[in-house]
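A short write-up of the structure that comes next.
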Amino acid sequence: MNTAPPLPAWLAGMNEEDFGFIRRFLLASGSLKQMAEEYGISYPTVRLRLDRMIEKIKLYEKHTKRDPFETLLRSAHIDGKIDLPTLTTLLTAYRKEQNHEEK
């Protein structure tokens, strides 16, 4: 019986939209110009999306032992879903709550 190995943390952190982008990127042989044409968006927009995915991968590889909630927040920031001040506020409040619970 063959079982698939567990997904690496960086891959497990991807969402459906990320997987779609990766798939199209591979099918386009890594051509950002072709990706821009297929998505009907500008090259810089595709480049920004790729840069965000690279940062997300780095985040998951660097912080594999980090708290899952912190990683989720940082990933949302990388995706542009929350701004830096909001990320900082949420992380500070979460860490304060975690320290309070440990006492």
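Quick note: the coordinates plus some simple rules give every number you see, no bench work behind them. A quick note: this is a predicted structure, and the numbers were derived from the prediction, not measured. Cβ placement follows ideal geometry from the backbone for every residue including glycine, while neighbour counts extend to all protein chains displayed.
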| query | For the chain, what class follows from the C-alpha gyration tensor (a ≥ b ≥ c being the square roots of its eigenvalues): rounded when a/c is under 1.5, otherwise prolate if a/b is larger than b/c, else oblate? | reply | oblate
| note | Counting lysine pairs in the chain that sit 8 or more positions apart or on different chains, with Cα atoms under 28 Å apart, gives 14
| Using the Karplus equation 6.51 cos²θ - 1.76 cosθ + 1.60 (θ = phi - 60°), what ³J(HN,Hα) coupling, rounded to whole Hz, does each residue of the stretch 25-33 give in order, writing x for Gly and Pro? | 4, 5, 5, 8, 6, x, 7, 5, 4
| said: Given the options I82, L48, G20, identify the residue whose Cα lies farthest towards the positive end of the charge dipole of the chain (+1 on Cβ of Lys, Arg; -1 on Cβ of Asp, Glu). | reply: L48
| message | I need the phi-derived Karplus couplings for the stretch 45-55: 6.51 cos²θ - 1.76 cosθ + 1.60, θ = phi - 60°, integer Hz, Gly and Pro marked x. | response | 5, 5, 4, 4, 4, 5, 4, 5, 5, 4, 5
